[in-house]
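Q: This is the structure I want to talk about, given as structure tokens.
The values are calculated or read from the model by the stated rules, or taken from the named source; none is laboratory data. On a predicted model such as this, the values are computed, not experimentally measured, just so you know. Here the Cβ positions follow ideal geometry from the backbone for every residue, glycine too, while neighbour counts run over all protein chains shown. Remember, those area values only see protein heavy atoms, side chains included, never the ligands or the DNA or RNA. Shrake-Rupley method; radii C 1.70, N 1.55, O 1.52, S 1.80 Å.
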Amino acid sequence: MADDLRGTGRATLAAARAALERIESLETYGRVVAIRGLLVEVAGPVAAMRLGGRLDIEGAGRSGLIPCEIIGFQGDRALAMPFGSLEGVRRGCPAYVRDEAAGAIRPSGAWLGRVVDALGRPVDGLGPLPPGPEIYPLRADPPPAHARRRVGRPLDLGIRCINTFLTMCAGQRMGIFAGSGVGKSVLLSMLARYTAADVAVIGLVGERGREVQEFLQDDLGPEGLARSVVVVATSDEPALMRRNAAYVTLALAEHFRDAGAKVLCMIDSITRFAMAQRDIGLAAGEPPTAKGYTPTVFSELPRLLERAGPGVGEGTISALFTVLVEGDDHNEPVADAVRGILDGHIVMERGIAERGRYPAINVLRSVSRTMPRACDPAFLPVVRRARRVLSTYADMEELIRLGAYRAGSSQEVDEAVALMPDLEAFLGQGKEEATSIGDGYARLAQIVGGP
């Protein structure tokens, strides 16, 4: 009797399970009611949607599901922007509400050597990316200021000019300010190959599509790529993809930092991130301010940049962010805002590049906020003396080039004229050449005299 009851009970449970499996899962969705430029208006269960949440719009024909992010609300409608093309979307298309946020990745150590897009999907044709055990949100909060450690010891970047005059410490954040075509990408590739870091995470935000393969194959090379993860969002992609590329870059850097690694994080460029955020803000109805940039641009910049730096554990994120100054104006709004957030700035000048010296860094206009504490005390007088020589020559350069200066008029100027060829050679560096911090100090001491 008991066996019959148990058998009957099992049969009942099996029947109930089968009945439950036949029930179709419910999906919450709204409908597209308007498309204005890059903005999609969705009506429906707005209470089930949230800012930063994910929508998948079902397009007509073969367009499939188009992922979107909710960027605001207006009345009883949600405002969304797409991560892809809106081709095939028409009024009345369903917009499915997803539970997950529009930005999260699950990185692992197997991502090294790979190239991903702004959603963390592989774009290098090498197969799927093995997911890690932890989920990293793209828009994470920076570590608490009172909990994070101080910057560490000097970090060897392999670039003589920066190592000696602008010594950078582990966990420091520096900006590279330059106009277009002065060698930023080549400098970044040298830093990725020669910096004494465990991992390099490189974000190419709004990059020219033609230059991506050139950067990966020629500039970065197999050796540099092997210890790097590269995030790519080209200039033709939607604003959300260009903005998200920067978020994915920092999320990847945070993953490796939490694993205890010394991470070098580089983004080229922060200006294109700001432009993407401006496009999003204007589409959402924000008022334009300086040069058309919306208020959220200047609130998102510190939230992004502050995520780099020392962590609360052993890992660090040493960051270099390029800033594309419009018209070589180093006081334009984005450059001015970024300069006030970071721990130093490296200025590259077109005039230096035009006379053939690379990297085209103007030492006198560049600052590392960890100097002089980061400099070797034995060589600090050498660095100061070299700076004085460079400053003296810069003050008299125009007269010297015009031939208006007479030798013997000033001992300091005569010394600067004599030392300048060697200093120019020191500041220049070949793409395939690397110099350690110690070797840089020793070579500078040979030029200007010192220990």
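Q: Just to confirm a number: summing +1 for Lys and Arg and -1 for Asp and Glu over residues other than Ala47 whose beta-carbon lies under 13 angstrom from that of Ala47, what do you get?
A: That works out to +1.
Q: Count the net charge of all other residues whose Cβ sits under 14 Å from the Cβ of Gly152, scoring Lys and Arg as +1 and Asp and Glu as -1.
A: Local charge sum for Gly152: +4.
Q: Translational diffusion coefficient, Stokes-Einstein: compute it for the stretch 264-408 using the Kirkwood radius over C-alpha pairs as Rh, at 20 °C and 1.002 mPa s, and state it as an integer in µm² s⁻¹.
A: Translational D for this selection: 118 µm²/s.
Q: Counting just the Cα atoms, what span does the stretch 312-374 cover along each of its three principal axes? Round to the nearest Å and put the largest first.
A: Per principal axis, max minus min of the Cα coordinates gives 44, 26, 19 Å.
Q: If I take every Cα pair under 8 Å that is 6 or more residues apart in the chain, average their sequence separation and divide by the length, what percent do I get for the relative contact order?
A: Relative contact order of the chain: 16 percent.
Q: Here's another thing I want to ask about it. Place +1 on the Cβ of every Lys and Arg and -1 on the Cβ of every Asp and Glu in the stretch 379-448, take the dipole about the Cα centre, and give the residue among Ala445, Pro421, Leu402 whose Cα lies farthest towards its positive end.
A: After comparing all options, I get Ala445.
Q: Here's another thing I want to ask about it. Give me the percent of the accessible area of the stretch 29-97 that comes from carbon and sulfur atoms, probe 1.4 Å, all protein chains in place.
A: 49 percent
Q: Take the Cα atoms of the chain, find their three principal axes, and give me the spread along each one in whole Å, biggest first.
A: Cα extents, longest axis first: 113, 55, 41 Å.
Q: Using a cut-off of 14 Å between beta-carbons, work out the net charge of the residues near Ile437 (Lys and Arg +1, Asp and Glu -1, Ile437 not included).
A: 0
Q: Ok, one more. Roughly how many Å is it from the Cα centre of the stretch 196-246 to that of the stretch 349-415, as a whole number?
A: Going from one Cα centre to the other spans 33 Å.
Q: Further, regarding this structure: Which lysines, if any, have their Cα less than 30 Å from the Cα of Lys431, not counting same-chain residues under 8 positions apart?
A: Within the straight-line limit of under 30 Å, Lys431 reaches these lysines: Lys184, Lys262.
Q: Shifting gears a bit: Pairs of Cα atoms under 8 Å, at least six residues apart: use those to get the relative contact order of the stretch 116-196, whole percent.
A: 25 percent
Q: Using the heavy atoms of the protein chains alone and a 1.4 angstrom probe, what is the accessible area of the chain per residue in square angstrom?
A: On the way: 20370 Å² over 451 residues.
Ligands and nucleic acids excluded, the figure is 45 Å² per residue.
Q: Related question: Once you have the Kirkwood Rh of the stretch 350-451 from its Cα pairs, apply Stokes-Einstein at 37 °C and 0.692 mPa s and quote D in µm²/s.
A: After rounding, the answer is 221 µm²/s.
Q: What's the angle, to the nearest 10 degrees (0 to 90), between helix 270-283's Cα axis and the longest principal axis of the chain?
A: 40 degrees
Q: Can you bin the stretch 29-97 into rounded, prolate or oblate? Criterion: square roots of the alpha carbon gyration tensor eigenvalues sorted a ≥ b ≥ c, rounded for a/c under 1.5, prolate for a/b above b/c, oblate for the rest.
A: prolate
Q: Could you tell me what percent of the accessible area of the stretch 379-448 is made up of carbon and sulfur, with a 1.4 Å probe and every protein chain present?
A: Carbon and sulfur together cover 49 percent of it.
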